[in-house]
Every structure is written in structure tokens, then in C-alpha cells.
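Below is one structure, written out as C-alpha cells, with a few remarks after it.
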Amino acid sequence: MNDLAQRLNVPVVDNRLVFPEPIATGSLTFVRLPNGVHVNIINCKMNQDWFICRKKIRKEFYTLRFHELTIPDTLEIRIGKEKLKESNTTRSIAYLTNTLSDWAYIGDKGTIYKGIDVLFDAHWLAGYLGVSNIDDVLSTYLSLQVENVHTEPLDSEYRRLMGEIVEVEDDNPMRLAIIQNRIMLLIERFFLRIYERKKNSHFDVPLSKTDIDRMMQVESVLTRDIFEPAPTISQLAKMVSISESKLKKDFKLIYGQPVYEYFQKIRMQTAKDKLLTGGHSVKEVAMELGYSNLSNFTIAFKKEFGLLPSKLLAAW
């Protein structure tokens with residue numbers, strides 16, 4: 001951060017760099033967590049064509065990157081000798097890099113860049129995951145770094161955790177505890193999915209990048225407005241020009257749940273968040289989600305969280 005601030009000729013105040021307006025609108029924030037993990041939080045819109053890189057060094061650290069990129073024209077991701085180009089899309093991805101290889105983004109004016117980068121070394125990760133040989137975990141990830149799995153699509157749970165990190169107020173006395181908790185959940189979720197993929201025999205015949213791009217498009221449309229009825233499987237399949245059976249199979253493979261179970265989980269999480277923020281009755285939340293019958297909503301809520309919405313409010 002200090003190096004970037006020096007190059008941009010701007011100060012770092014309270015571990016935050018505010019980009020000069022000709023470069024970008026937004027900021028980069030550094031957080032040092034009590035457990036030793038370092039975190040960068042970036043949220044900006046680029047106001048000119050841009051290039052950002054991290055040159056390789058001899059000392060090995062890992063960076064787990066959770067990025068949401070809205071790409072108006074083109075973006076090139078470089079990791080070592082690998083290059084991945086994206087055009088006119090929104091890319092929500094998680095992936096792991098290390099300091100033994102160069103890393104860079106090359107993008108165009110208008111790119112919206114939201115991200116959380118988590119920096120740690122192999123010994124810290126081994127201790128956190130409770131494994132004696134962290135090389136086994138990392139080699140599993142590296143073995144999955146083929147075109148289809150090199151970048152993990154961010155699902156609704158990833159995005160929820162990222163949103164809670166970005167939205168916590170600076171003056172919140174629990175700020176570091178909240179950020180640390182959510183960061184640990186992000187790390188745990190990422191490596192758990194690696195483990196699940198290693199066990200999944202379907203990955204012996206991996207999906208292509210095109211297949212994954214299609215499913216990310218489906219997920220984006222499916223979750224665009226959870227207060228409206230979900231598109232039908234037929235509509236989603238036609239949208240991405242594949243069969244209904246392939247859509248259902250590929251979606252579950254990537255996101256871990258069937259299409260409508262995934263949609264319902266997001267709806268119930270939204271209902272829970274609304275109830276916990278206050279100002280909404282159970283009936284109001286149910287109606288907003290399209291439930292004309294309150295008992296159907298309470299049954300669905302209990303199925304997801306194991307308690308009735310009224311009990312949640314009473315406990316809160």
C-alpha cells in the first residue's frame with residue numbers, strides 16, 4: 001500500500017489510500033488482524049486504463065483473492081506465465097496466488113473493482129486448517145489449477161461475507177473481530193470446496209471455461225432480484241443455449257446445490273437479514289418475498305435455519 005501511495009503521490013491515512021480522482025474513484029484499505037493475517041479491501045471504479053502488478057519475491061507468501069470485477073471492455077489476468085482474458089462481463093471469482101510468481105491485472109477505463117485480498121504464509125495456514133503437511137492442501141489446489149477450476153466462481157455466501165466485511169463501520173468497536181470472523185469463514189469455505197472437488201469424481205472430466213461462464217451467467221440472472229419469481233429452468237437453459245439437463249447438472253457441480261434450492265437459500269438468508277435489522281415484521285418480510293400464505297413462509301424458514309422466524313426475533 002505504501003509503495004502504491006508513493007507512486008500515486010497520495011498519503012495513507014489510518015491505513016487507507018484514497019485514489020486520486022484522475023486515476024480511480026474509491027479506496028484501498030489495509031487491515032492487520034489479531035491472528036496475524038493481513039487483509040486488503042479495495043472498492044473503486046477506474047477512471048482511466050490501468051495496470052496493477054505484484055512482482056515476485058523470494059520469500060513465499062500466499063494471497064487468497066476474492067474479486068468482483070465489472071469489465072466494460074477487456075481485462076487480462078496474469079499469474080506467472082498464465083494469461084486469462086475477459087471481455088464485456090462481470091467476473092466474480094476467488095483464487096490463490098503466491099509471491100513466487102508475478103501477478104497482474106491489465107484493464108480498461110470504467111472497470112469496477114471490488115475485492116478482498118488475504119495474505120498469509122504456509123505455516124499459518126497449516127495451523128489454521130489443523131494439518132501437519134500444508135503442502136498436501138496446496139498441491140491439491142495446484143492440481144486443480146486447470147482452466148476450469150483455476151478461478152472459483154463466487155456464490156451468494158461468498159458475496160454475503162464480503163459485503164459484511166466492506167460494510168462494517170470504522171468506529172465499530174467490534175470491527176476487527178467482525179472482519180477476522182468473516183475472513184476466516186471465507187478461507188474455510190475456499191479450502192473446503194477444494195477438498196470437496198478433490199473427492200468429486202465428476203472433476204475427472206472437468207467443465208470447460210465456456211461451461212463455467214454459462215453457469216456464472218445463470219447464477220447472476222437467478223439472483224438479480226430475489227423478490228421476483230425465479231426464471232424457469234427452460235428460460236435459463238435457452239438464455240445460455242444448452243439443454244435443461246446439462247444446465248441442472250453443471251449448476252449443481254459448480255454451486256453445490258440444485259438451481260431452485262440455491263435460489264431458495266438466498267431468499268431465506270435475505271429474509272433472515274431483514275428480520276435481524278429490525279423494522280420488519282414476519283408478515284411484511286413474507287409478503288415482500290411473495291408468500292401470500294404466512295405459514296408457508298414460516299415452514300420454509302424453519303427448514304433452512306431450524307427455528308421459526310418469530311423465535312429468531314425473540315432470541316435477538
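The values are calculated or read from the model by the stated rules, or taken from the named source; none is laboratory data. Every value quoted in this text rests on a predicted model; they were computed, and no experiment measured them. Reconstructed Cβ throughout: ideal geometry from the backbone, glycine too, with neighbour counts over all protein chains shown. Accessible surface is based on the protein model in full, side chains and every heavy atom, while ligands, DNA and RNA are left aside. Shrake-Rupley method; radii C 1.70, N 1.55, O 1.52, S 1.80 Å.
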Could you state the angle between the C-alpha long axis of helix 134-143 and the longest principal axis of the C-alpha atoms of the chain, as a value from 0 to 90 degrees rounded to the nearest 10? 80
Of GLN269, GLN235, GLN180, which has the largest mean-square fluctuation in a 10 Å C-alpha GNM of the chain? GLN235
Which residues does a label at ASP49 reach in segment 104-128, if reach means a backbone N under 17 Å from a point 7 Å past the Cα toward the Cβ? 105-112
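Relative contact order for the chain using alpha-carbon pairs under 8 Å, separation at least 6, rounded to a whole percent?
On the way: 444 pairs, mean separation 36.4, N = 316.
Relative contact order here is 12 percent.
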Pair GLN6, ALA177: separation of 7 Å Cα→Cβ label points (nm): 3.8
Taking H placed 1.01 Å from N in the peptide plane, check which residues at least 5 places from ASN35 or on another chain put their amide H under 5 Å from its amide H. none
Rounded to 10°, Cα long-axis angle of helix 175-199 versus longest principal axis of the chain: 80
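Take the alpha carbon gyration tensor of segment 1-104, find the square roots of its eigenvalues, order them as a ≥ b ≥ c, and report rounded if a/c is under 1.5; if not, report prolate when a/b exceeds b/c, else oblate. Kindly include the intermediate steps, with their values, before the conclusion.
Values: a/c = 1.56, a/b = 1.05, b/c = 1.48.
Oblate.
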So between LEU192 and GLN269, what do we pick up on full extension, going 0.36 nm a residue minus the alpha carbon distance? 25.6 nm
Got a sec to turn the phi values of segment 298-305 into Karplus ³J(HN,Hα) couplings, 6.51 cos²θ - 1.76 cosθ + 1.60 with θ = phi - 60°, whole Hz, x for Gly and Pro? 5, 5, 5, 5, 5, 4, 7, 10
Can you work out ³J(HN,Hα) from phi for every residue in segment 45-54, in order, using Karplus 6.51 cos²θ - 1.76 cosθ + 1.60 and θ = phi - 60°, giving whole Hz and x for Gly and Pro? 10, 6, 9, 7, 4, 9, 8, 10, 9, 10
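State the percent of C-alpha pairs, over all pairs in segment 199-316, separated by a distance greater than 24 angstrom.
Details: 2635 of 6903 pairs.
Cα-Cα pairs of segment 199-316 separated by over 24 Å account for 38 percent.
With a 1.4 Å probe and every protein chain kept in, tell me what percent of the accessible surface of the chain is carbon plus sulfur.
Values: 8760 of 17080 Å².
The computed percentage sits at 51.
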Which distance in nm do the two modelled labels at ASP170 and LYS303 give, with both placed 7 Å along the Cα-to-Cβ direction? 4.6
Magnitude of the charge dipole, the chain, Cβ model with Lys/Arg +1 and Asp/Glu -1, debye to 20: 440
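Sorted by packing (mean other beta-carbon atoms within 10 Å per residue), highest first, where do 64-74, 28-38 land? Show your work: numbers first, answer last.
Values: 64-74: 18.1, 28-38: 16.1.
Result, highest mean first: 64-74, 28-38.
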Please turn the phi angles of segment 96-104 into ³J(HN,Hα) values with the Karplus equation 6.51 cos²θ - 1.76 cosθ + 1.60 (θ = phi - 60°), one per residue in order, whole Hz, x for glycine and proline. 10, 10, 10, 7, 7, 10, 5, 9, 7
So how do 18-24, 97-103, 110-116 stack up, highest first, on mean other-Cβ count within 10 Å? 110-116, 97-103, 18-24
